[in-house]
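Structure record follows, encoded as structure tokens.
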Amino acid sequence: MQRCEPTRSAAQVALARRLCATGEARRIRRAAGLSIYDVAADQGVQPSTVARWENGVRVPRADAAVRYADLLIALNALGPESGSGA
């Protein structure tokens, strides 16, 4: 029986949701010196959407989750205070 590997996007959706659920997404954003407004502008969503993701009220879905995971991975790789400040 062959084992089915998750697609890149499915893995990113799961990652984005896990980072939000654990509070890690907020930690990464803050460590990069970015505000919710900065992230929202980058992601093409409202600041309240990012706040809901980070507070666990909502989860990022589909394409938004993939884009958010990409951003969080990039920010985490850059390390603290890599953002534009806020």
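The values are calculated or read from the model by the stated rules, or taken from the named source; none is laboratory data. On a predicted model such as this, the values are computed, not experimentally measured, just so you know. Reconstructed Cβ throughout: ideal geometry from the backbone, glycine too, with neighbour counts over all protein chains shown.
What is the one condition in (1) hydrophobic (A, V, I, L, M, F, W, C); (2) in a helix (DSSP H, G or I); (3) in contact with a helix residue (DSSP H, G or I) (Cβ under 7 Å, 6 or more places away or on another chain) that ALA11 does not satisfy?
The single condition ALA11 does not satisfy is (3).
Could you grab the pairs with beta carbons closer than 6 Å, sequence gap of 6+ or different chains, first residue in the stretch 28-55 and more than 17 Å from LEU75 (Cα to Cα) and assigned to a helix (DSSP H, G or I), second one modelled with pLDDT of 95 or more and aliphatic (A, V, I, L, M)?
Final answer for the pair search is PRO47/ILE36; PRO47/ALA40; ALA51/ILE36.
Of all residues in the stretch 7-28, which are of a type in the set (D, E, K, R), at pLDDT 95 or above and under 10 Å from TRP53 (Cβ atoms)?
Across the stretch 7-28, the qualifying residue is only ARG26.
Collect the residues in the stretch 25-46 that are farther than 20 Å from GLN12 by Cα, among the polar types (S, T, N, Q) and surrounded by 14 or more Cβ atoms within 10 Å (Cβ to Cβ), keeping them in residue-number order.
SER35
Could you list, in sequence order, all residues of the stretch 56-83 that are loosely packed, with under 14 Cβ neighbours inside 10 Å and part of a helix (DSSP H, G or I)?
Of everything in the stretch 56-83, those that are loosely packed, with under 14 Cβ neighbours inside 10 Å and part of a helix (DSSP H, G or I) turn out to be ALA62, ASP63, ALA74, ALA77, LEU78.
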